[in-house]
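Below is one structure, written out as structure tokens; comments come after it.
The values are calculated or read from the model by the stated rules, or taken from the named source; none is laboratory data. All figures in this text were calculated on a predicted structure; none of them were measured in a lab. Every residue, glycine among them, receives a Cβ derived from its backbone with ideal geometry; neighbour counts consider all protein chains shown.
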Amino acid sequence: MSIWTRIAEALSALANGEPLSVVFDRLRGSAIPEQSVGFTIAVLALGAKMAKADGTVTKDEVTAFRRIFTFPEGEEEHAAHVFNLARQDVAGFDAYARKIARLFNPEGRRLCADDHHVLVDILEALFQIALADGSYHPGEDAFLTHVADAFGLDDGCFRIVRSRLVEGAPRDPYDVLGLPQGATRDAARKAWKALVHETHPDVMQARGVPPEAMKLAERRLQLINEAWREIQNKEAA
């Protein structure tokens, strides 16, 4: 059964008039296959809430989900349904973000740059959606800053994710690998290998990222490898 069929079933279970955010409450404590439904709905719902953060809604932003998800023929309507439900919901994005945080981080622990967590995956997906129109607006930055805070991600984690994805953002190779300035080459190699492992599709799927969203890993892996090469080149110079 595809993720899109499971999403359709989750939406059909909503009583008349219930908001989309109820889905996150119902998925709490569920197994990984159901959490992958939560991941997908989270990205679609917060993406919909973010669509007006730069003051406009463009065709590129509405279709940006193809940067993250693969859609078999005829399945786009399920994603569009989630998007529209979220945009129509009177609840603000902060309410969505808090429910999503409780779904994936029920202990409420503070997450840092060293954590490889599905909430970081969701944040990276939202960054890719924000960048779909070729720019990164201050309104989008403010939106994503608030989402990261609601998720329990610390400032360092947010800065690293932003540096990986936003062209023109300060991008230091040590930041990309989650390392302090001046870290040794051995520490950088260890961090690089760990990040490559955590970006493997099997590992991402085990923490709730559905196979339909594995395109998310492509940009991350590219930047991780670029950072490691840059550190190697600095050492060789």
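Remarks
- Residue check for ILE160: surrounded by 15 or more Cβ atoms within 10 Å (Cβ to Cβ) and touching a Gly at 6+ places or on another chain (Cβ under 9 Å): yes
- Unique residue being under 30 Å from SER2 (Cα atoms) and modelled with pLDDT of 85 or more when the list is GLU218, GLU230, GLU198, GLU226: GLU198
- Qualifying residue in region 150-157 (condition: more than 22 Å from ASP94 (Cα to Cα) and assigned to a loop (DSSP other than H, G, I, E, B)): no
- Considering region 192-237, the residues that are not in a helix (DSSP H, G or I) and not polar (S, T, N, Q) include one that is surrounded by the fewest Cβ atoms within 10 Å (Cβ to Cβ), namely ALA237.
- Long-range neighbours under 9 Å by Cβ, at least six apart or interchain, first residue within 16 Å of SER36 (Cα to Cα) within region 97-110, second among the acidic types (Asp, Glu) and loosely packed, with under 14 Cβ neighbours inside 10 Å: LYS99/ASP25; ARG102/ASP25; LEU103/ASP25
- A single entry from ASP186, ASP202, ASP149, ASP172 fulfils the requirement of being without any contact (Cβ under 8 Å) to a residue 12 or more places away in the chain and within 25 Å of LYS52 (Cα to Cα): ASP149.
- Boolean, ILE41 is of a type in the set (A, V, I, L, M, F, W, C), surrounded by 15 or more Cβ atoms within 10 Å (Cβ to Cβ) and modelled with pLDDT under 90: no
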